[in-house]
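Here the structure is laid out as structure tokens; the discussion comes afterwards.
The values are calculated or read from the model by the stated rules, or taken from the named source; none is laboratory data. Model, not experiment: these values are computed from the prediction. Cβ placement follows ideal geometry from the backbone for every residue including glycine, while neighbour counts extend to all protein chains displayed. Ligands, DNA and RNA are stripped out before the accessible areas are found, and what is left, the full protein with its side chains, is counted by its heavy atoms. Shrake-Rupley method; radii C 1.70, N 1.55, O 1.52, S 1.80 Å.
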Amino acid sequence: MVKKRTVWPYVLVAPAVLIILCVVFIPVFNAIIMSFQNYDLRRPKQIAFNGISNYLAACRDPLFQGALIRTIVWVVCGVGFQFLFGFILALFLNKEFAGRGVIRAVSMIPWVTPGVLIGLMWRWIYDGNFGVLNDLLVKTHLITNKIPFLSQVTTAFPSVIVTIIWQGIPFFSLMLLAALQGVSTEIYEAADIDGASFWQKLFYITIPSIKNTIYVTVLLRVIWVANSVDVIFNMTEGGPAYSTQTLSVYIFNKGNALNLGYASAMAILLAVLLLFASVPYLRMNFKEEV
């Protein structure tokens, strides 16, 4: 019997494919082309192909090198502590206690708040003159003079890292909590009968059971945090003295300066770095499928 072919499956997925094509692939293709051009909108008559000059300039650019190092610190510290505190919160919310639903709902507030609003809110919290944090520290006698957290090099970058950690904790807690609720309670009951301790159940039951969720959530947050612009830009705009300028913020600033060729080259380099960061997960996933 010969199966009849129909075009309806292709018609149904065509709108989604078209949207992805327009929103993702075409801009990426244009960015790749611009990265090989001297594409500065301030000098439109000088736009021309320049080979890999933008990439070579990025490799020699001390601001790019500094932004790369800060991006690594930003991602490692930000995602690392987000996962740690999010995992602890997920373990806590997985327990039965009164008011658990309310706490679950309230804990989502940092995640559902727009990044622009978070940046502005924490900028006010850190304010050296009228900030809540300085007021609390002074009233508790932990400091005597107010600290301009976002105006000095030594405290600006740690301050924005604390902000991104606060923002990302609910994401991990929500995803890991959903994974934890899929782990059979019978396994824990058997472990209790065998006299297993909390740490033994954590490392031999809990973590192995949700390892795939851990890999996916960490990978997603690495990509999102590395590309994050809104929080840093609304708090410090990359200052003071470039001390909070990550690669994404540097790319954004160059794009705002209309140097689209150089910004595109740095964006491609960032995309390649994130691609390498995802290789371990892709290899692990491929081995499991084989």
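Relative to one another, the C-alpha centroids of region 167-182 and region 49-70 are positioned 37 Å apart. Pairs of lysine residues in the chain that meet both criteria, 8 or more places apart or on different chains and Cα atoms under 22 Å apart, total 5. Over the chain, accessible surface divided per residue gives 61 Å², non-protein components excluded, 1.4 Å probe. Residue 95 contributes an accessible area of around 120 Å² to the protein surface, as traced by a 1.4 Å probe with all chains present. Ordering 245-258, 24-37 by mean Cβ neighbour count within 10 Å, with the highest value first, yields 245-258, 24-37.
In terms of the mean number of neighbouring beta-carbon atoms within 10 Å, the peptides 133-139, 276-282 order highest first as 133-139, 276-282. Surface composition of the chain: carbon plus sulfur atoms hold 70% of the accessible area, using a 1.4 angstrom probe and ignoring ligands, DNA and RNA. Taking Lys and Arg as +1 and Asp and Glu as -1, the other residues whose beta-carbon sits under 12 Å from that of residue 67 total +1.
Taking 7 Å steps out from each Cα toward its Cβ at residue 63 and residue 199 produces label points 4.9 nm apart.
If you plug the beta carbon distance of residue 141 and residue 55 into 1/(1 + (r/R0)^6) with R0 = 51 Å, you get a FRET efficiency near 0.45. Inter-label distance, residue 189 to residue 224: 3.6 nm, where each label sits 7 Å from its Cα along the C-beta direction. When the charge dipole of region 147-279 is built from unit charges on Cβ atoms (+1 for Lys and Arg, -1 for Asp and Glu) and taken about the Cα centre, the candidate among 195, 157, 252 whose Cα reaches farthest toward its positive end is 252.
Evaluated with a Cβ-only charge set (Lys, Arg +1; Asp, Glu -1), region 195-290 carries a dipole of roughly 260 debye about its Cα centre, given to the nearest 20.
Normalising the average separation of contacting C-alpha pairs (under 8 angstrom, six or more residues apart) by the number of residues puts the relative contact order of the chain at 29 percent. Taken along the Cα-to-beta-carbon direction at a fixed 7 Å, the label points for residue 22 and residue 121 span 3.4 nm.
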